[in-house]
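Colleague: Starting off with a structure, shown below.
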Amino acid sequence: MISILFTMAYVCVCLVLLLVVLLQQGKGGDIASAFGGSSSQAAFGVRAGATLLTRVTTVAAVLFMLGAIGLGTVWQGAPSSVVGGVALPPSQSTPAKPTPAAQPPAQPAAPTAPASQAPAAPAKPPGK
């Protein structure tokens, strides 16, 4: 509730700042003064005193900056996502069970001859 009121006040400050800046009269900074065509002999033109419009502009600009910082901190606590509070479907909320590693099929053992039928290797005499 307070954030809505703060936002409405900030919008009003923005509108006041916009209107006050648009109501101010130019200082004579046109293209002719850039090339020395200005009628004033001063370096930056004649300095006028601070009028009511310049004071209101300064106050509105300060309120604009403080309001931007304030709104940034107020709205920072808001949820960051519109779907942040939605629960996941049950199929996705639990992790999948791991499947057992696939084992290669067993290969039949090679036929072996009994030891009695195996051919005997000739023995080598030692030293040769």
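The values are calculated or read from the model by the stated rules, or taken from the named source; none is laboratory data. Since the model is a prediction, treat every value here as computed from it, not as a measurement. Please note: Cβ atoms are built from the backbone with ideal geometry, for glycine as well, and neighbour counts cover all protein chains shown.
Colleague: So the check is Cβ under 6 Å with 6+ separation or different chains; which pairs have a first residue in the stretch 1-28 that's closer than 18 Å to ILE69 by Cβ and a second one that's in a helix (DSSP H, G or I) and aromatic (Phe, Trp, Tyr)?
Modeller: From residues that are closer than 18 Å to ILE69 by Cβ, the pairs are VAL13/PHE64; LEU17/PHE64.
Colleague: Out of the stretch 44-89, which residues are modelled with pLDDT under 70 and either over 30 Å from TYR10 (Cβ atoms) or touching a His at 6+ places or on another chain (Cβ under 7 Å) (or both)?
Modeller: PHE44, GLY45, VAL46, ARG47, ALA48, GLY49
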